[in-house]
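Take a look at the structure set out below.
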Amino acid sequence: MPAVFRKAVSGDVDTIMEIVRDAQQSLASRGIDQWQNGYPNRESIIADINRGVGVAVLQDERVVAYAAIIVNGEPEYKNLVGGQWLSDGDYIVVHRICVSNSFVRKGLASAIMQYAIDFALSKGIHSFKIDTHVENQYMLNLLNKFGFTYCGEIHYEHGDRVAFEKII
C-alpha cells in the first residue's frame, strides 16, 4: 500500500518523537554525531506543526515517518561557505527526515523526497535545498539518487553540515 501524506497534527507528536528516537539511535549506532545533542526535540516538532510545515507519512493509518517541508525557511543558508548555491530564488528545504525502524529501507525516505519535489512544483518553486551531516551516508546516497549537487557547507550551532541543491 502506498504511503499517505498529511499535515502532522498535535496528536502525532508522541509517535513522531518515537520515530525521532529511532533515527537518533540509528545515527549513533553508525558513529554519527548528528541528532545526538537533544535535537530534534519535542519543541522543534511542535513548532513545525504549529507553523504548518510538519508532514506525517502514514502506512495503514499509522504515522511511520516524518519530515518538515519549509519554503524559504533556513536562515543559515544565507551563510553558505566553500561554494555557492545553484540559484538565488525561492526554494524548499526538507529538515528532520526520519523513518520508523520498522519501515526503514522500504522507500519512505525516497517517497518523502518526491513528495517535497511535487509540493515545490505545486507552489511554482524550482529549487530544493537540503543539508546533512558529512558522515550520514544514507542521506548522501538519497541525495545522489535524486541528482542533488554539492554546493558548500553550512555552519550550525550544533555542527557543520554539507549543503546540496537540486533544480527541479
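Bear in mind these aren't lab numbers, they're just calculated from the coordinates by the rules spelled out. Note that the structure is a prediction, hence the values are computed from the model and not measured. All Cβ positions, even for glycine, are placed from backbone atoms using ideal geometry, and neighbour counts span all protein chains on display.
If I take R0 = 30 Å and measure r between the Cβ atoms of E61 and S29 in this structure, what FRET efficiency does the formula 1/(1 + (r/R0)^6) give, to the nearest 0.05? It would help to have the intermediate numbers written out before the result.
Values: r = 29 Å, r/R0 = 0.98.
FRET efficiency, E61 to S29: 0.55.
How big is the gap, in Å, between the Cα center of region 98-163 and the Cα center of region 9-68?
Using only Cα atoms, the two centres lie 15 Å from each other.
Kirkwood Rh over Cα pairs of region 25-74 into Stokes-Einstein at 4 °C, 1.567 mPa s: D in µm²/s?
Translational diffusion coefficient: 103 µm²/s.
Hey, any idea what the orientation-averaged projected area of the convex hull of region 1-49's Cα atoms comes to, in nm²?
Mean projected area for region 1-49: 4.3 nm², to one decimal.
How about region 1-103: which GluC sites (Glu not before Pro) there lie in a loop by DSSP and see at most 10 other Cβ atoms within 10 Å?
E61
Using a Förster distance of 22 Å, how high is the FRET efficiency between V134 and R105, based on the Cβ-Cβ distance and rounded to 0.05?
0.50
Obtain the nm distance between the two label points defined at A3 and D90 by a simple spin-label model: each point lies 7 Å from its Cα along the Cα-to-C-beta direction.
2.4 nm
Starting from the alpha-carbon convex hull of region 70-119, give the projected area averaged over all orientations, in nm².
Mean orientational projected area (region 70-119, Cα hull): 4.6 nm².
What order do you get for 110-116, 69-75, 90-96 when each peptide is scored by the mean count of other beta carbon atoms within 10 Å, highest first?
90-96, 110-116, 69-75
Filter the DSSP H helices in the chain by two things, a Kyte-Doolittle mean of at least 0.0 and an axial alpha-carbon span of 20 angstrom or more, and list the hits by number. Provide the component values of the computation, followed by the final result.
Values: long enough: 13-29 (24 Å, 0.14); 108-122 (21 Å, 1.24).
Qualifying helices: 13-29, 108-122.
Which whole-number value in Å³ per residue fits the convex hull of the alpha carbons of the chain?
Working: hull volume 18.3 nm³, N = 168.
Considering the Cα atoms of the chain, their hull volume per residue is 109 Å³.
On a straight-distance basis, which aspartates and glutamates could pair with K123 in a cross-link, Cα separation under 14 angstrom, same-chain partners fewer than 8 positions away excluded?
Cross-link targets: D90.
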